[in-house]
Amino acid sequence: MIQNKIKRRKDFNKLITGLDITPTMYKNAIEKYKALAEFFKQNGIDCDIYPQGSFALGTVVKPYKEGKDTAYDLDFICLIKKNKNSTDPKEIKNLIGDLLKGHKIYSDMLIEWDKCWTLNYADINGVGFNIDIIPAAEDEELIFSYDVTKQSIAITNKNSGTIYTWIRSNPKGYIEWFNYINKPFLDWNRDNQRQAFMESYKGVYNTVEEIPDLLLKTPLQKVIQIFKRHRDIYFHKIKKSNKKTISAIITTICAEIAKTAPFNLEVNDLLEFIVKEFKIYSERQILDESSFDQRYKERIVIKKSGGNWSIINPVNPEDNLADQWNSDPEKAKLFFQWVENIQTELIDSFGLEDEKFISILEGAIGKTHLSSIIDTVDYNLEPAREITRLSQSWRQ
């Protein structure tokens with residue numbers, strides 16, 4: 001029997017919501033990074049700390065590593081008010097690190113990575129999160145789509161024990177670019193979203209006006225979240241986690257495709273719309289470049305020229321997000337295989353019987369996560385059958 005489709009859609013939405021950080025964790029993270037900013041200020045560091053990546057875009061998902069859920073990773077830029085030409089990446093990286101090492105609390109939580117310093121905070125109600133502090137210096141300006149100018153920054157990168165380099169980035173520009181595309185989806189039915197949020201999280205905010213827009217998830221943000229979750233599990237299952245598609249590619253392609261989508265689509269409908277476009281781009285694997293460009297003139301997000309792939313960062317023309325597809329062609333191949341799997345598990349499964357539908361979802365987004373969010377008692381699942389007699393041995 002196929003369960004009511006409206007119920008399936010509601011449950012699917014619940015599963016996506018359950019991947020996100022809670023409003024309480026959101027407020028806690030904001031308090032933590034503001035405390036860091038104050039700490040740096042008190043120690044004479046002229047800097048600007050602000051969120052970037054999934055936390056700033058509202059597309060955070062519960063990380064899935066080595067077959068299990070892990071602590072949330074939240075990224076924050078720490079922009080030192082110095083031009084990169086008047087300093088060097090090693091100085092900027094260690095300026096932040098040395099301060100944190102000298103703090104009696106932060107020092108015990110601190111881990112160094114090539115581009116950031118990570119603070120591992122204690123779990124809250126059994127759920128943990130880390131704050132990645134990314135040191136950076138001021139850089140030149142970059143101009144990106146719809147004629148808006150934002151200040152690019154230079155992030156520090158520790159290539160080895162002694163070699164440090166700069167990496168140009170434009171996180172604020174990317175956030176503004178994404179918000180520009182996401183705004184029509186956010187404006188649609190915003191008042192009802194705010195009211196529903198207040199009813200679901202009573203006591204977290206006193207009025208609907210206090211609710212940050214980042215906590216009101218649009219179908220576009222939810223599609224990106226479910227893609228990221230499905231990606232983590234899919235690449236783990238095929239034992240290729242080291243070759244999984246980076247989040248920047250997922251977010252960029254989804255947002256670019258969403259520009260052409262009706263802004264009143266619900267999550268499942270927008271998911272299907274975007275996957276359909278993904279599959280068109282997969283024809284770049286089999287069609288020669290001129291044939292694809294002639295047949296699909298408007299499909300320019302994923303490009304292939306001279307055998308090389310390109311997905312250009314919309315706010316940094318120097319940044320080809322698909323660079324690794326060219327150095328490791330298997331990554332491109334696995335990306336399109338993953339897209340086919342999304343079609344099977346997150347779209348086609350909705351037309352299957354209840355038992356098969358639930359089984360596929362368990363494999364697609366995690367059995368533990370599904371059982372913690374959905375009460376499957378309303379689905380017509382076959383109970384486990386007790387074996388009453390042993391089958392005849394094949395040896396007889």
Failed item in (1) modelled with pLDDT of 75 or more; (2) not in a strand (DSSP E or B), with Y146 passing the rest: (1)
Go through the residues of segment 206-222 one by one and say whether even a single one is within 16 Å of the chain's Cα centre (by Cα), modelled with pLDDT of 95 or more, within 23 Å of D323 (Cα to Cα) and in the same structural domain as N316 (by TED's automatic domain parsing). no
Only unsatisfied item for E289, checking (1) surrounded by fewer than 16 Cβ atoms within 10 Å (Cβ to Cβ); (2) touching a strand residue (DSSP E or B) at 6+ places or on another chain (Cβ under 7 Å); (3) within 24 Å of P171 (Cβ to Cβ), is (3)
The number of residues in segment 104-115 that are crowded, with 16+ Cβ neighbours inside 10 Å and part of a loop (DSSP other than H, G, I, E, B) is 1
Residue hits (segment 314-328; modelled with pLDDT of 95 or more and either surrounded by 13 or more Cβ atoms within 10 Å (Cβ to Cβ) or not assigned by TED's automatic domain parsing to the domain that holds K259 (or both)) are N320, L321, A322, D323, Q324, W325, N326, D328
Out of contact with any Phe, Trp or Tyr (no Cβ under 6 Å at 6 or more places or on another chain) and free of Cβ contacts under 8 Å to residues at least 60 places away in the same chain: does that describe D98? yes
Quick one: what pairs do we get from segment 102-122, first residue in the same structural domain as K158 (by TED's automatic domain parsing), second among the basic types (K, R) and loosely packed, with under 15 Cβ neighbours inside 10 Å, C-beta under 8 Å, 6+ apart or different chains? S107/K101; L110/K101
Restricted to segment 4-26, and to residues that are outside any helix (DSSP H, G or I) and out of contact with any helix residue (DSSP H, G or I) (no Cβ under 8 Å at 6 or more places or on another chain), which residue is farthest from G126 (Cα to Cα)? N4
For the structure I just gave you, tell me whether A196 is surrounded by fewer than 19 Cβ atoms within 10 Å (Cβ to Cβ), among the small types (G, A, S) and part of a helix (DSSP H, G or I). yes
Restricting to segment 366-393, give me the number of residues that are surrounded by fewer than 12 Cβ atoms within 10 Å (Cβ to Cβ) and at pLDDT 50 or above. 6
Listed residues I365, I347, I358; which is aliphatic (A, V, I, L, M), under 19 Å from K10 (Cβ atoms) and free of Cβ contacts under 8 Å to residues at least 24 places away in the same chain? I358
Please work out which residue is surrounded by the most Cβ atoms within 10 Å (Cβ to Cβ), limiting yourself to segment 236-276 and to residues that are closer than 25 Å to K14 by Cα and of a type in the set (D, E). E272
The lone condition T344 fails out of (1) over 19 Å from the mean Cα position of the chain (by Cα); (2) of a type in the set (V, I, T); (3) modelled with pLDDT under 95 is (3)
Conditions (1) touching a Phe, Trp or Tyr at 6+ places or on another chain (Cβ under 9 Å); (2) closer than 29 Å to F350 by Cα; (3) not in a loop (DSSP other than H, G, I, E, B); number of the one not met by K304: (2)
Looking only at segment 259-288, filter to residues that are without any contact (Cβ under 8 Å) to a residue 60 or more places away in the chain and either touching a Ser or Thr at 6+ places or on another chain (Cβ under 6 Å) or among the polar types (S, T, N, Q) (or both); which one of those is farthest from Q343 (Cα to Cα)? T260
Could you give every pair whose Cβ atoms fall below 7 Å, whose first residue belongs to segment 7-33 and is without any contact (Cβ under 8 Å) to a residue 24 or more places away in the chain, and whose second residue is of a type in the set (A, V, I, L, M) and surrounded by fewer than 20 Cβ atoms within 10 Å (Cβ to Cβ), counting only separations of at least 6 or pairs across chains? none
May I ask you to verify whether I16 is within 30 Å of F350 (Cα to Cα) and either aromatic (F, W, Y) or surrounded by 14 or more Cβ atoms within 10 Å (Cβ to Cβ) (or both)? yes
May I ask you to list the residues in segment 68-95 that are over 27 Å from the mean Cα position of the chain (by Cα), surrounded by 14 or more Cβ atoms within 10 Å (Cβ to Cβ) and free of Cβ contacts under 8 Å to residues at least 60 places away in the same chain? K82, T87, E91, N94, L95
Would you confirm, using the coordinates I've provided, whether D98 is out of contact with any helix residue (DSSP H, G or I) (no Cβ under 9 Å at 6 or more places or on another chain) and over 20 Å from N157 (Cβ atoms)? no
Of the numbered conditions (1) within 13 Å of V223 (Cα to Cα); (2) not in a helix (DSSP H, G or I), R299 satisfies every one except a single condition; which is it? (1)
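The values are calculated or read from the model by the stated rules, or taken from the named source; none is laboratory data. Given the structure is predicted, the values throughout are model-derived calculations rather than measurements. For neighbour counting, all protein chains shown are included, and Cβ atoms are generated from backbone atoms with ideal geometry for every residue, glycine included.
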